[in-house]
1. What whole number of Å gives the distance from the Cα centroid of segment A:129-164 to the Cα centroid of segment B:261-320?
2. Calculate the FRET efficiency for A:Arg37 and B:Asp53 from the Cβ-Cβ distance with a Förster distance of 35 Å, rounded to the nearest 0.05.
3. Please pull out the direction-averaged projected area of segment B:232-355, using the convex hull of its alpha-carbon atoms, in nm² to one decimal place.
4. How far apart, in nanometres, would the label points at A:His85 and B:Glu215 be if each is projected 7 angstrom from Cα along the Cα-to-Cβ direction?
5. Total Lys pairs in chain B closer than 25 Å by alpha-carbon, pairs eight or more apart in sequence or interchain only?
6. Report the residue, chosen from A:Leu209, A:Leu128, A:Leu87, that carries the largest GNM mean-square fluctuation when chain A is represented by alpha-carbon nodes joined by springs under 10 Å.
7. Per residue of B:146-155, count partner chain C-beta atoms within 10 Å of its C-beta, then hand back the mean as an integer.
8. Report, ordered by chain and residue number, the aspartates and glutamates lying within cross-link reach of A:Lys43, taken as a straight Cα distance under 18 Å and ignoring same-chain residues fewer than 8 apart.
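Read the figures in this text as sums done on the coordinates, not as results from a lab. Worth saying up front: this structure is predicted, and the values here are computed from it rather than measured. Don't worry about glycine lacking a Cβ; one is built from the backbone with ideal geometry, like all the others, and counts go over all protein chains shown.
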Amino acid sequence: MLTETDLAALWITLKLAGLTTLILILLGTPLAWWLARTRFRGKVVVEAVVALPLVLPPTVLGFYLLLALGPNGPIGRLMEALGGHALAFTFAGLVVGSVLYSLPFVVQPLQDAFSTVGRRPLEVAATLRASPLDRFLTVAVPLARPGFLTAAVLGFAHTVGEFGVVLMIGGSIPGETRVLSIAIYEHVEALEYGRAHMLAGGLLVLSFLMLLAVYGWNRRFRLVRP
Amino acid sequence: MTIDARLRIDRGAFSLDAELSVPDRGVTAIFGPSGSGKTTLLRAIAGLERGPDGFLKVGQEVWQDAGTFVPPHQRPLGYVFQEASLFSHLSVKANLEYGYKRVTPSARRVEMEHAVALLGVDPLLSRDTEDLSGGERQRVAISRALLTSPALLLLDEPLTGLDLESKAEIVPYLERLHEELEIPVLYVSHSPDEVARLADHLVLLQQGRVLASGEIRQMLTRSDLPLFHGDEAEAILEATVVGHDEAYELTQLEFPGGRFNVTRRDLEIGQVVRLRILARDVSLTLEHQIDTSILNIFPVTVEELADEGPAQVMVRLSAGGAPILSRITRRSADSLQLTPGKRVYAQIKTVALLA
């Protein structure tokens with residue numbers, strides 16, 4: 001069965017993915033809403049920046065994060081000035097990296113969902129006395145529900161599958177920054193194929209089940225009717 | 001009390017620059033060809049579109065002027081969109097309650113039972129919005145708008161896109177609305193038939209400008225307006241049911257110009273109904289003809305003649321003050337020597353009873 005260190009890696013991975021997804025839903029929802037609704041011309045710039053992690057090698061992102069979060073980086077210095085310590089090689093640093101790395105996987109499905117909802121239902125809600133926040137919460141969010149589910153699952157799964165960024169800014173501190181993908185890599189390095197199989201196979205099944213759930217659910221909850 | 005508006009919306013190729021003043025009671029139809037800005041005008045009144053230096057006053061309340069723009073959700077209006085736009089994530093009942101719950105109880109004047117009964121949506125309450133027919137969806141949307149107890153009801157072509165059967169199903173409900181509620185209605189339409197049935201007032205829109213506005217019967221018979229011309233030119237009369245002829249199965253209706261006999265309808269004595277008379281169904285004679293099959297003959301005064309192409313003439317007549325149109329050939333007009341002020345007899349071949 002799983003060893004204690006592998007279990008710790010599993011726990012760190014789930015904690016990281018869960019926290020990242022939560023933060024991304026909270027930050028990504030207003031961002032996606034703005035992107036879906038704005039007529040501001042500069043929005044393409046924001047869209048391109050959001051999509052960057054899709055094309056950038058994770059090591060590039062990790063490298064710059066390492067510089068920024070490290071003791072000599074701007075964020076690292078700020079943290080130390082505030083009485084904290086640099087975020088590189090900490091769990092908090094991993095969360096920051098994961099949020100950036102998985103950003104497009106959350107923002108894009110949400111933006112698509114909000115675009116599909118369109119303006120009409122919100123206008124209808126406005127004529128039925130709902131304030132802007134009220135109609136966002138009672139009309140836009142429920143109608144975009146399939147988008148939220150897709151965003152959450154993709155954000156979670158993508159964070160679980162993260163490797164390059166973690167390697168760059170997290171290292172492999174057991175119980176702190178050693179996640180499953182790193183653990184698998186190390187098992188293979190040490191020629192412990194049996195233990196690598198256990199983790200790799202588990203991840204494979206988990207990822208498949210999560211995607212199956214998304215597609216299954218989105219069939220049941222079709223977006224707005226024609 | 002009136003609804004006064006001066007609204008400008010600029011959308012590049014299209015611009016709306018509408019100034020109008022309509023009574024804040026009854027049904028006012030906003031009528032015009034597609035692309036004339038009817039929907040944009042309605043959206044601007046609802047606050048869904050905002051243009052520069054607009055002005056809008058409904059009764060005593062200013063909704064928009066130089067320093068004021070009341071956002072849509074704070075305007076006491078009901079809006080029914082062209083497609084019903086029910087919330088697909090809510091049940092029919094929850095759709096109805098959506099606006100109702102957001103109105104403070106003391107401001108509610110339309111109660112659930114009333115709105116539900118008025119539009120016959122009771123049997124639909126437990127249904128899923130997806131399973132409703134087009135007509136049913138539109139009835140739910142109208143009830144939902146009414147349940148916000150609006151001071152003004154805006155209907156944007158609520159019958160467009162519905163098949164004839166659904167239209168026929170909704171019109172009676174709209175007529176009941178008209179009779180039972182004292183909410184002023186602005187009704188966008190491009191259908192002369194709907195306008196004739198439902199409107200008390202008419203605003204004619206053309207290329208984003210208000211061409212004319214006024215009381216429906218006057219507007220239909222004004223020679224300077226497009227409605228006066230063409231094959232569909234018509235007049236509308238209001239008449240009171242005064243009796244039934246049991247032997248011949250006829251219903252008698254009285255209007256200021258005389259008494260109509262129409263095929264018997266189940267109407268109560270005293271009920272006021274609307275009659276539509278197409279200009280092409282009215283012929284003129286100098287003498288009161290006795291030996292004719294036409295039942296409805298009234299003495300009228302010629303008010304105005306207008307050429308209608310090379311061969312025809314449109315004549316506006318006054319039947320005891322009520323305007324009627326007659327379209328005849330120019331040759332007949334000449335041989336009868338029709339001039340304004342001349343007294344003749346109008347023979348009306350067909351009368352359509354609209355309610």
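1. 65
2. Efficiency, from the Cβ-Cβ distance: 0.85.
3. One quarter of the hull surface, i.e. the mean projection, equals 7.5 nm².
4. About 8.9 nm, to one decimal.
5. 4
6. Maximum among the listed residues: A:Leu128.
7. So the per-residue partner count for this stretch is 1.
8. The qualifying aspartates and glutamates are A:Asp112.
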